[in-house]
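The values are calculated or read from the model by the stated rules, or taken from the named source; none is laboratory data. The model shown is predicted, which means the values in this text are computed figures rather than measured ones. Using ideal geometry, Cβ is built from the backbone for each residue, glycine included, and neighbour counts are taken over all protein chains shown.
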Amino acid sequence: MHKRPESTQNKENNGLFRKVWPLVIAAVSLGIDAYVLAGVLPQIADSLATTVGAIGLGVTAFTGAYAIAGTTLSRRASARSTKGALLVSLGLFNLANLITALAPNLEIFLGSRVLAGAGAGILTAVATAAAASLVGPEQRGRAMALVTFGLSTGTVAGVPIGMLIGDQIGWRWTMGLVVLVGIVSMGALIVRGGTMPPIPNEPGSGASVLKSPQVLTGVLLAFVFGVTSLGLYTYMLPMAEDRGLASWGFALIWVWGIGGVAGSMLVGRPIDAFGSNRLLPLLATALLASFIVISFLPQPVWWLVAILVWGATGWASVPTLQDALTRARPSATTSIVAFQMAAMYLGSAVGSALGTALLGSGTRAGALPLWAMGAQAIAVILALIVAALGRRALSAPTKDSV
C-alpha cells in the first residue's frame with residue numbers, strides 16, 4: 001500500500017486542527033464542568049449551608065438535563081445555522097455556570113445546573129456533528145476524535161486544577177475557570193472566519209434513529225461503557241487503598257488521565273485507516289482485559305499498565321463508536337451522537353450509584369473491578385453486534401432498517 005509522505009500527513013493534521021480547534025476548546029470546557037463539582041461538593045455544601053447530598057443533586061440535575069436536551073433539542077437547534085446553534089448552546093452553558101458560581105442558595109444552584117446540562121447536551125451533539133461536517137469522509141474519524149480529545153483533556157487536566165483552585169481560594173473560582181474556558185471558546189467561534197457548513201439532518205431523525213438496530217445497540221453499548229469505564233473511575237482511590245496501593249493513588253489517577261488524552265488524540269487516524277467496525281470490538285476487549293488485570297494482579301506495575309490501557313481504550317471508544325454508528329448515516333450524526341453521549345453520561349451516573357450501593361452492602365472496594373468485568377463482557381458482545389451491523393449498513397447504505 002502506498003504510504004503518503006510524512007510532510008503531507010502533517011499538513012493534513014494541521015489543516016484539520018485549524019478547522020476544528022474552536023470546537024475542541026468548547027469540548028474542554030464541557031469536560032471540566034461534567035466532573036469538577038464532584039471534587040468540591042463539601043465546600044459548596046458549607047458555603048450554601050446545606051448537605052453534601054443536597055449539593056450532589058446538582059450532578060443528577062446536570063446529567064438529566066444533558067440527556068433530555070441533547071436528545072430532543074440538538075437537531076432542532078442546528079436546523080438553521082450551525083454556528084448559531086453552537087453560540088447559543090455555549091452561551092447558555094456559560095451563563096448557567098456563571099449563575100452557579102454566584103448562586104446564593106441551593107435553589108438557584110440546582111436551577112443553574114439544569115441550564116448548564118441543557119446547554120452541554122446540545123453543544124456536545126452539535127459540536128461533534130459540526131466537526132464531522134467540516135471534513136471529508138477520509139478525515140471524519142479524526143475530526144470527531146479531536147472533540148473527544150477536548151472532553152478528555154478537560155476532565156483529566158481541568159478537574160485536578162479546578163479542585164486545587166477550590167481548595168486554595170474557593171469553589172466559586174473553580175466555576176470561574178469553567179466560565180473562562182467557555183468564554184474563550186465562544187470568542188474563537190465568533191472570530192473564526194466564514195460560516196460553518198450546515199449539518200445535514202435526514203428527515204425524521206431524532207428519536208427515530210433508535211429504530212435502527214445498530215444505533216439502538218450502540219446506545220446500549222455507550223451506556224455500558226459509561227457504567228464500566230467512567231463509573232468505576234469514581235472509585236479509583238478506594239480500590240487502590242483496598243489493594244494496598246494507597247501511596248500510588250495520585251499516580252494512578254494521572255496515568256488514567258494520560259491514557260485517556262492519548263487514546264482520544266491518537267485513535268482518529270486508525271479509525272479512518274482501518275475502520276471503526278474493526279477497532280470497536282478490539283477496544284472493548286482491551287478494556288475488559290484491563291479490568292481483569294486490576295482484579296487479579298495487585299502489583300503496582302501491572303496496575304499502572306492496566307489503568308493506562310483503561311484510560312486509553314475507554315476514551316478512544318467514544319469517537320470510534322460515533323464513527324461506527326454514523327459512517328453509513330452521516331445525515332443523522334447530530335441525533336445519533338446526542339443519544340450516544342446521553343447514554344454514556346447516564347451510564348456513568350448509574351455506575352457510580354451502583355458502586356456506592358455495593359460498598360454500602362459490604363462489598364470491598366477492591367472487588368468492584370470484578371463487577372465491572374461482568375458488565376464489560378456484555379459490552380464486548382454489544383460491540384461485536386454493532387460492528388457486524390455497521391459492516392452490513394456500509395454495504396447497503398440505502399437501507400434505513402440497518
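Tabulated values for the structure
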| item | result |
| --- | --- |
| Test: Gly117 is surrounded by 20 or more Cβ atoms within 10 Å (Cβ to Cβ), under 21 Å from the mean Cα position of the chain (by Cα) and closer than 18 Å to Met344 by Cα | yes |
| Residue check for Val261: crowded, with 24+ Cβ neighbours inside 10 Å and either aliphatic (A, V, I, L, M) or closer than 24 Å to Leu359 by Cα (or both) | no |
| Hey, Gly362 without any contact (Cβ under 8 Å) to a residue 12 or more places away in the chain, assigned to a loop (DSSP other than H, G, I, E, B) and either in the same structural domain as Ile294 (by the TED database) or not polar (S, T, N, Q) (or both) or not | yes |
| Filter pass, Trp248 being of a type in the set (Phe, Trp, Tyr) and under 22 Å from Met373 (Cα atoms) | no |
| Residue satisfying condition, being within 20 Å of the chain's Cα centre (by Cα), surrounded by fewer than 22 Cβ atoms within 10 Å (Cβ to Cβ) and part of a helix (DSSP H, G or I), within set Leu321, Leu354, Leu325, Leu384 | Leu354 |
| Candidate set from the range 157-175 (those that are surrounded by 24 or more Cβ atoms within 10 Å (Cβ to Cβ) and modelled with pLDDT of 80 or more); member that is farthest from Ala120 (Cα to Cα) | Trp171 |
| Residue match in the range 37-53 (condition: buried (at least 24 other Cβ atoms within 10 Å of the Cβ), among the small types (Gly, Ala, Ser) and within 25 Å of Val184 (Cα to Cα)) | no |
| Which listed residue is hydrophobic (A, V, I, L, M, F, W, C), part of a helix (DSSP H, G or I) and modelled with pLDDT of 85 or more, from Ala38, Ala96, Ala54 | Ala96 |
| Arg18 being surrounded by 24 or more Cβ atoms within 10 Å (Cβ to Cβ) and in a helix (DSSP H, G or I) | no |
